[in-house]
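I have placed the structure first, in the form of structure tokens, so that the comments after it can refer back to it.
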Amino acid sequence: MIRQEIIKLIQKATSASEDEIKVTYPEGEGFGDYTTNIALRLKKPANEIVGRLRADLFEKIEAAGPGFINFFLSKEYLQKQVDVILKQKESFGKLRIGRGQKVNVEFISANPTGPLTLGNGRGGFCGDVLANVLNKAGFEAKREYYINDTGEQVKKLGHSVIGDSEAVYRGQYIEELKKTIKGSDPEKVGESAAKIVLQEMIKPQVLKMKIKFDIWFSEKILYQKKEVAAVLDILKKENLSYESEGALWFKSTQFGDDKDRVLVKAGGEETYLASDVAYLKNKFTRGFKKLIFFWGADHYGYVARILAAAEALGYDKKQIDIIVMQLVRLIREGKEIRMSKRTGTYVTLDELIDEVGLDVVRFFFLTKSPDTHLNFDLALAKEQSENNPVYYIQYAHARICSILRKAKMKEAEPLSNLLEHPMELKLIRRLMRLPEIVEDTAQDFQIQRLPQYAVDLATVFHQFYRDCRVISEDKNLTQARLSLVLATKIVLKNTLSLMGISAPEKM
RNA sequence: GCCCUCGUAGUUAAACGGAUAGAACACGGGUUUUCUAAACCUGUAAUCGAGGUUCGAUUCCUCGCGAGGGCACCA
């Protein structure tokens, strides 16, 4: 990729280390294709550095502003990129930076005690798309859903279905479960109910979200295979746990946690943490080099102890990335409604997808950084779905398909050396960003970069469409522009498919 | 009380310490005998407040104000 080339060039010309050199896209027009502030950082005159840079790829390299160095790609280089895209097709954007490393991306993992809600959607779509991006970047990413199918919450589900005084979950689905499950043992009733919730509610919903999990992992199996007991033994042997007041504690403070945590309660029952430690070990044992988790902000307090657990087991904290998503708040008529499966007030993902369509829902969640505190108003979402930016992107794709249909393009030389209109070149510049978008996102997990890029690309295409008539009397130019349009289609489609959004041929 | 996250046009929101704060929706004005007007062009409009660090701060630091979350032998 060209960005790497620039970094190498600068390294040759200066004493700067690779980490110091930042090469970005300049904001304004006229500042070139790439820019670096290295001269400012090194406190050296930009001109001096520019004088030492030599490369054929660029039409010019110039110092500008307070000390930026701007790189302008040559026309010939840009034109060649069209051929590259046409050749690589759907694999354009694919990288090898992951070197086949196995990565586990765990997301949603909602307790099987009720339907998936908006909050699950947020982490769900982001996790799914991150897995796509990682795979594109050359990692081997697996999607995993951890099913907490045993323990306290399952028992509570049982109580809720039985309808006794300890019932906590409410909602239509509980009423349905009451009809099919009979019994009085809350544990057994809960387990049957959890199975039904998983099979008949969660899995179909996940399917509707167009997410395919590679692994559905059952917590119960960790107990059945004695993996929890085994990991507790390790912690005891390594002197990383101790007994106090009848409970077994994990010395998590040794690894940076605020306080030690209970693994086994005084009553003999394991906490979530016990199985989570076993689960961590299980994942690493399966060969994953990196574990990524998408959690809601309400699980923030859990981060330190999971990292501590990983370290206690002899793994490196850096092998774990926990992405904490801020919570989704539900607004109705201007007022916040507390969402809770326990009160029965929530909007399920089904409802939302049915109302506004999957593409809109996906796009809606993907555009928002995990750090934003999201207020969700269903009425507003419905209203805004009509002119959602996702249609803007899809429209560009449909427009392209229309042109290609009309032109009945045949296989022929792309003739991309005829592309020299400013808008043609601008479009190529956007197209060739995709690999860099993939690279950046695979590294910093900022998923919202993808929808932003898609909108940007669509905008430039629409501008190109305005300025450059594709099908004309000039056979050769038509051929060249059709190649460019086809390349745009490929890149748009690749980008949409990374986001799990459809690319319609007609609208 | 302590810890984490956030505060940007009317609304939703972008910006590894950099150039003129980039968009979308809404609102105002314009564009079609020509490949899809779900488009294009154009106007109004924004960094919560006060200090500090820096050649340069939406970004980093301190304090204040406001919102959400976390501080369990809960999940």
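Each value in this text was obtained by applying a stated rule to the coordinates, not by laboratory testing. What you see is a predicted model; the values in this text were computed from it and never measured. Cβ coordinates were reconstructed from backbone atoms using ideal geometry, including for glycine residues, and neighbour counts include every protein chain displayed.
Suppose we keep just the DSSP beta bridges with both residues in chain A; what percent of those would be antiparallel, to 5?
50
Model label sites at residue A:99 and residue A:20, defined 7 Å from Cα along the beta-carbon direction, differ in position by 2.6 nm. Around the amide H of residue A:321, modelled in the peptide plane, lie the amide H atoms of A:291, A:292, A:293, all under 5 Å away and 5 or more residues distant in sequence or on another chain. Note on residue A:89 and residue A:317: the model spin-label points, each 7 Å out from Cα along the C-beta direction, lie 4.7 nm apart.
Subtracting the Cα-Cα distance of residue A:420 and residue A:74 from 0.36 nm times their residue separation leaves 123.5 nm of extension gain. Loop-located trypsin sites (Lys or Arg not before Pro) across the range A:143-200 with a Cβ neighbour count of 12 or fewer within 10 Å are A:182, with loop assigned by DSSP.
Using per-residue counts of other Cβ atoms within 10 Å, averaged over each peptide, order A:32-43, A:91-102 from highest down. It would help to have the intermediate numbers written out before the result.
Values: A:32-43: 18.8, A:91-102: 15.0.
Result, highest mean first: A:32-43, A:91-102.
Coupling constants for the range A:250-262 follow from the phi torsions by the Karplus curve (6.51 cos²θ - 1.76 cosθ + 1.60, θ = phi - 60°), and in residue order they are 9, 6, 5, 4, 4, 10, x, 7, 6, 8, 6, 10, 7 Hz; glycine and proline get x.
Going by a ≥ b ≥ c, the root eigenvalues of the Cα gyration tensor, does the range A:2-73 fall in the rounded group (a/c under 1.5), the prolate group (a/b larger than b/c) or the oblate group? Working shown, then result.
Details: a/c = 1.34, a/b = 1.15, b/c = 1.17.
Note, shape of the range A:2-73 comes out rounded.
Here is the list for the range A:280-378: trypsin sites (Lys or Arg not before Pro) lying in DSSP coil, each with at most 11 other C-beta atoms within 10 angstrom of its C-beta, are A:338.
Count neighbours as other Cβ atoms within 10 Å of each site's Cβ, and list the GluC sites (Glu not before Pro) in the range A:229-264 that are DSSP loop with at most 11 such neighbours. Let's see the in-between values first.
Working: sites: A:238, A:243, A:245; in loops: A:238, A:245.
Here the GluC sites (Glu not before Pro) that fit, given the DSSP loop and packing criteria, are A:245.
Taking the Cα centre of chain A as reference, the dipole from Cβ charges on Lys and Arg (+1) and Asp and Glu (-1) amounts to some 1120 debye. Phi-derived couplings, Karplus 6.51 cos²θ - 1.76 cosθ + 1.60 at θ = phi - 60°, listed residue by residue for the range A:131-139: 4, 4, 5, 4, 5, 5, 7, x, 7 Hz, with x used for Gly and Pro.
Each of A:145, A:193, A:232 was placed along the dipole of the range A:80-239 (beta-carbon charges, centred on the mean Cα), and the one lying farthest toward the positive end is A:145. Rounded to whole numbers, the Karplus 3J(HN,Hα) couplings from phi for the range A:17-30 are 7, 4, 5, 6, 7, 10, 10, 10, 7, x, 6, x, 6, x Hz, using 6.51 cos²θ - 1.76 cosθ + 1.60 with θ = phi - 60°, and x at Gly and Pro. Projected label points at residue A:340 and residue A:178, each 7 Å from Cα along the beta carbon direction, are separated by 2.0 nanometres. Computed from Cα positions, the angle between helix A:272-285 and the longest principal axis of chain A comes to roughly 50 degrees.
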